[in-house]
Amino acid sequence: MKSSGGAFVTPVYSSEGRAYLSICDAHRHGVVFPDKDQARACAEKHNASHHNGRAPRFRTYGFRDFNGDHLA
């Protein structure tokens with residue numbers, strides 16, 4: 001199994017709106033949540049079990065962060 005930085009949270013978009021994906025590439029584990037805090041909690045639980053408690057990372061796409069603010 002490849003080494004991983006642990007689970008991370010990323011926004012996903014569809015015609016229904018935005019959701020949040022908690023995913024770990026190394027363990028092929030991923031779950032979609034309607035709420036960012038739920039996705040973060042899932043990533044924290046996974047990392048506590050499999051990645052020595054590493055804090056989840058957050059990935060964004062485009063020019064806005066999770067709060068909708070423009071990134072510099």
Heavy-atom accessible surface of region 1-59: percent carbon and sulfur, 1.4 Å: 48 percent
Across region 19-27, in residue order, what do the Karplus-derived ³J(HN,Hα) couplings come to in whole Hz, using 6.51 cos²θ - 1.76 cosθ + 1.60 with θ = phi - 60° and x for Gly and Pro? 9, 10, 9, 9, 9, 10, 5, 5, 9
Amide H neighbours of Tyr20 under 5 Å, at least 5 residues apart or on other chains, H built in the peptide plane: list them. Val12, Phe33, Asp35
Residue-wise HN-Hα coupling along region 29-41, computed from phi with Karplus coefficients 6.51, -1.76, 1.60 (Hz; x: Gly, Pro): 10, x, 9, 9, 10, x, 10, 4, 5, 5, 5, 5, 4
Phi to ³J(HN,Hα) by Karplus 6.51 cos²θ - 1.76 cosθ + 1.60 over region 43-52, Hz, x for Gly, Pro: 5, 5, 5, 4, 5, 5, 7, 10, 9, 6
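The values are calculated or read from the model by the stated rules, or taken from the named source; none is laboratory data. All of these numbers come straight from a predicted model, not from anything done at the bench. Side chains included, ligands, DNA and RNA excluded: accessible areas come from the protein's heavy atoms. Shrake-Rupley method; radii C 1.70, N 1.55, O 1.52, S 1.80 Å.
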